[in-house]
Every structure is written in structure tokens, then in C-alpha cells.
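Below is one structure, written out as C-alpha cells, with a few remarks after it.
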Amino acid sequence: MAIMASAATLMTVACSTTPATPTDLSKANIIPKPVSITPTGGSFILTNRTDIYVKGESPEILRIGQYLADRLNPSTGFGLEVKTTAKDLVRGKILLALTENDPALGDEGYELVINEKSVTLTASKPAGLFYGVQTIRQLLPAKVELATAQEGPWELATGTIRDYPSYGYRGAMRDVARHFFGVEDIKIFIDQMAAYKMNTLHLHLSDDQGWRIEIKSWPNLTAHAGKSEVGGGEGGFYTQEQYSEIVRYAQERFITVIPEIDMPGHTNAALASYPELNADGKARELYTGTDVGFSSLATKKEITYKFIGDVVRELSAMTPGPWFHIGGDESHSTKLEDYIPFVNRVQDTVAAYGKKVLGWDDIASATLIPNSAVQYWAKAENALKGVEQGAKVLFSPSKYAYIDMQYDSTSIFGLHWAAYIEVDEAYNWDPESLVPGIKKENIIGIEAPLWAETIAARAEAEYLLFPRLPGYAEIGWTPKELRSWDEYKVRLANHGERMKAMDISFYPSARVDWVK
Ligand code: TNX
């Protein structure tokens, strides 16, 4: 009897849960900031009966529903299930549905309607539903990200969010050549990118210090140069199966992988593996330092183009995305008169294997073929040269977007050749207003490259990536009229606990008043 009574008391407490605080959707700390939020002042409470419904039977939408359930179940302990329905609204539940009636949402936008009775997420395309799911995660308390069961209440403020990105390319680059990062580290990073609605992962797979992707027709690349890295560590490489696994994992999170094979410079690893790729026919020693600009493929030898053809063919076959990155930066030991025909020829090779060319802004000195794009990192004049040739520009200006730059002189990892970039400086710029002559229509988006000379472990990478990465995600997603550091820093401050719950080792910048 006594046991019954206490169970009944518990029931009453659980059922009478009212919001602890008045809820205002417009005060939600969502990063990137949504395009529009219309609050209605109430709340929806997630319970163990909320279940996730998916309209229709599409396996892709079911998978997104399951992804949401997998995010919510460990911390809520609810064991929410994913079910299908033919309805447009399900009382007491979360519903994910594709719609043909809202073209304004575009390929990646979504509408989220929350009232006291239901949560309804609609989008034109699956990617939009995926991004709406990220918003739902961020509307819940930070502890939703923890891996073990937590106390509720699990409350969502009511209202409507309509949201879609400014730029179609919202990326980050991981340099796995200077120090190798394995499949598990990259998967964790992919999950972190997805949480902030980023959609492109550029992998810098080769450089002077190491070769990281198995090429079956040139096996010594990984057998030899897969085993070196900066500082003399053991290195590593992805087998083709592992690379495909990364691509698949990313694809499930609506992230496109872009492989980069840097050339004709930054190629010592290849030059050490195959003597015939050197102009003098002699293999180079493996290199574990951090200098740049000393290596070059033999641009005048036919074998070089056979090599590049094989690499582009094998790598393109494993890469569903539209881009192949040919590097092209800092080829200081290749004469310009050799560099230009080299880049011209390699562009044709990439096109022959069905990919579009991306290259560092240096490639604009060559004749760009239609659909090639330049990644602006160093010289505005190069970016402009690209635009004059009809190319689009990807913005990674090193002074603002190089996420390997130190925050300040006390930073334990990172470099500072371009700048010190504190969290506010990383956020406070806009691609459209950076280079006179380059307009929004010329820009495909932004990317934050993480060069890895100074970092060798996940936590070290995260120290540089966070908390700057969410800011880059917002620059890529949120219209510039809606962005200001003073407002953003409050939302970011509220993401401190969330990043901790996500097990992210971020740098607790003093410019942010972190909310505990
Ligand atoms: C310049 S950015 C490089 C990289 C270095 C980086 C370090 C670019 C295209 N080239 O090789 O890793 O600086 O910040």
C-alpha cells in the first residue's frame, strides 16, 4: 500500500509538469541563427509517448527520423520509436514530412511548427528535414546531448521557424596529411559539422609529409609515404574501403566529401614513393618538417600525367560529390611557365573523370575551364582573376577563416603567419563585402581549413575548431543582415554547456561570457 501511494505521488508530479520558465522561441540559442522565428509563447513537452512519425514510407526520411530518435533516446531515456503515417499532423507527436507546396524553402530549408500539441517539421528535400532536426536538438536543453539518461522536463518553446541557408557550400577542411587522423576522428568531426548545418568536408589527402589514400595502381604511395608525418610519428592512411566508409557516413549526414590531391607542389610524399615522378628521376627522402614550397612533380614528364590520371580516376570513382580539389598552392619550385600548362592539363583530366575542379586561388593564373572554382585563401587578385574567367569563388581568407590560426599569443596550438584570430574576429566578416569586385553571385560559399602542422590528436584539433567553427557555420547559413557579434556571442555563450555535453574540447575564449 505504501509503495502504491508513493508511485501515485510520483505520477502526479510527472503529469503536472509545467514549464519551469516561460518559453520564448525567439530567445532560443540556435546556431546558425534561423532566417525567421515567430514565437507563440507556449511549450511542447516531450514525453515517453511523443514518438516520431514520418509521412510516407521513404527509407531516407525514415532514416532521418531514426537519426532524431537516436539523438533523443540516450539522454531522455524515452525509447521513442519511429513510425510511418499518411497524415499531415499527428497530435502529441513529432512529425517529419516532405512537402511540394513550399518551394521557397529550397533544397536545404525547412519549416518547423511547434504548438502545445505537436511538432511538425516540413521541407522540400530530405536535407531540409535533417537541418530541421538539428534545430530541434538545439531547442532542447544542452543535456539532451549527453550519452546517459537525464532528468527532464524536455520542453520546446512554441512558434514557427522558417529557415534556409545563404550559401550552398558551408565547409571545413581537415588536413590529414601533416598529421594523420583516423576514420573515427573524422566521423566525430562529421557529426560536429552536421550539428551546425555544415554540408561540405574537404579532405586534404596528400602533402609533402604524407600520402593518406590508398591508390591501387600506385601502391607505394601509402606503403611508403603513408607511414610518415610531421614530427616523425607513425602516420597512417585510409584504405579505399575506409575512405568509402567516411564518404557514406558523411552522405547520411548530408555532407559532401571533396578529396584534395595537392599538386604540382606539396608532393614530396609522392616524390619519395616513386623516383620516376621526379624531374631528375631520383626518389626524395620522406619529409617530417613543416616547410612549404620545395617540392614539385616533374611537369614535363608524361609519367606524371599517367600518375595523375590514375589517382584522379580511382579517387573520383569513390567520390559521389561533384568536386575534385587539385590543390595548386605554393608551387614555388615550379616555374610559372611550367605551372600554367600543368594546371590546364590536370583540369581536363578531372573533367574527363566527371568532376569539377576546385583549386587554391593560385590556379587562377592558368586558363580555367568552365565550372572550375577557386578557393580564395591568400590573394584577392587571384580570386578576381578567377571571377574574370567566369569561375566561382570559395571563401577561405586566411586572415579570417584559417582555423589553424592561433587565437592569441598564448594559444597552445596553431600558427599565426596570417593573423591571430579570436572568436569575434572569426565571426565578424562577410564574404560579400571582403573583396571589392566579388559579389554574392560569384561566391559559392565559405570554408574553414584546419591545417595540421601543430595538431596530432582529436582534442588538439577541437581546441582550434571550437568555438570558431559554429561562427563559420553561421556566416555560411545566416543572411548577413541578421548577424551581429553582440547578439551572436550570447547564443554562443549558451552553447558552452552544449559543446561540453557533446564531448567537444573547446577553447573557452575570454571574449565570451560562458553560461554555466
Ligand atoms: C599555407 S593554405 C598552406 C598550407 C599550410 C598553411 C598553414 C595553403 C593553400 N597552403 O600548406 O599548411 O598555410 O597555415
Exercise for review: Measure off 7 Å from each Cα along the Cα-to-Cβ vector at ASP430 and GLU252, then give the distance between these two points in nanometres to one decimal.
Suggested key: 3.9 nm
Check your understanding: If you take every DSSP beta bridge whose two residues both sit in the chain, what share of them, in percent to the nearest 5, is antiparallel?
Key -> 30 percent
Point to revise | Assigned charges on the beta-carbon of Lys, Arg, Asp, Glu; the stretch 300-374 dipole about Cα centre (debye) | key: 260 debye
Practice item. Hey, can you grab everything whose amide H is under 5 Å from the amide H of ASP262? Only 5+ residues off in sequence or another chain; H modelled, so Pro and N-termini drop out. Key: LEU205, SER206
Check your understanding: How big is D for the stretch 351-439, in µm² s⁻¹ as a whole number, if Stokes-Einstein is applied with the Kirkwood radius of its Cα pairs at 25 °C and 0.890 mPa s?
Key -> 174 µm²/s
Point to revise | Net dipole in debye of the stretch 181-260 [+1 Lys, Arg Cβ; -1 Asp, Glu Cβ; about Cα centre; nearest 20] | key: 220 debye
Point to revise | Unit charges on C-beta of K, R, D, E only; dipole of the chain, Debye | key: 1120 debye
Practice item. Specify the inter-centroid distance of the stretch 222-289 and the stretch 100-164, based on alpha-carbon positions, in whole Å. Key: 39 Å
Review point. With no solvent and one point on each alpha carbon, what is the Debye value of log10 I(q)/I(0) for the stretch 277-374 at q = 0.24 Å⁻¹?
Key: -1.37
Point to revise | Packing-based exposure ordering (other Cβ within 10 Å, fewest first) of GLU234, GLU229 | key: GLU234, GLU229
Exercise for review: Among VAL82, VAL357, VAL257, rank each residue by its count of other Cβ atoms within 10 Å, from fewest to most, as a rough exposure measure.
Suggested key: VAL82, VAL257, VAL357
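Quick check: residue separation of ILE340 and ASN48 times 0.36 nm, minus the Cα distance between them. What number comes out in nm?
Details: separation 292, 0.36 × 292 = 105.12 nm, distance 6.28 nm.
Answer, rounded to one decimal: 98.8 nm.
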Revision key, fill the gap. Expected unfolding gain across ALA418-ALA149 under the 0.36 nm per residue rule, minus the alpha-carbon gap, is 92.4 nm
Check your understanding: So for the stretch 149-262, taking the charge dipole from beta-carbon charges (+1 Lys/Arg, -1 Asp/Glu), which of TYR243, VAL183, GLY226 sits furthest toward the positive end?
Key -> TYR243
Check your understanding: Can you tell which of GLY128, THR47, HIS202 lies farthest toward the positive end of the dipole of the chain, using +1 and -1 charges on the Cβ of basic and acidic side chains (Lys, Arg; Asp, Glu)?
Key -> THR47
Study note, to complete from the structure: From the cross-link list LYS282/LYS385; LYS306/LYS399; LYS379/LYS480; LYS27/LYS516, the entries with a Cα-Cα span beyond 26 Å are LYS282/LYS385; LYS306/LYS399
Check your understanding: Looking at the P(r) of the chain, how many percent of alpha-carbon pairs lie beyond 37 Å?
Key -> 32 percent
**Study point:** Sorted by Cβ density within 10 Å, fewest first, the residues TRP477, TRP429, TRP485, TRP451
**Key:** TRP485, TRP429, TRP451, TRP477
Practice item. Would you mind computing, in nm to one decimal, how far apart the modelled labels at VAL292 and THR38 are, each placed 7 Å from Cα along Cα→Cβ? Key: 4.8 nm
**Study point:** Overall form of the stretch 60-188 per C-alpha gyration tensor (a/c, 1.5; a/b vs b/c)
**Key:** oblate
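The numbers here are math on the coordinates, done by the rules we state, and not lab data. Only a predicted model underlies this, so the values are computations on that prediction, with no experimental measurement involved. Glycine gets a Cβ as well: all are built from the backbone with ideal geometry, and neighbour counts include every protein chain shown.
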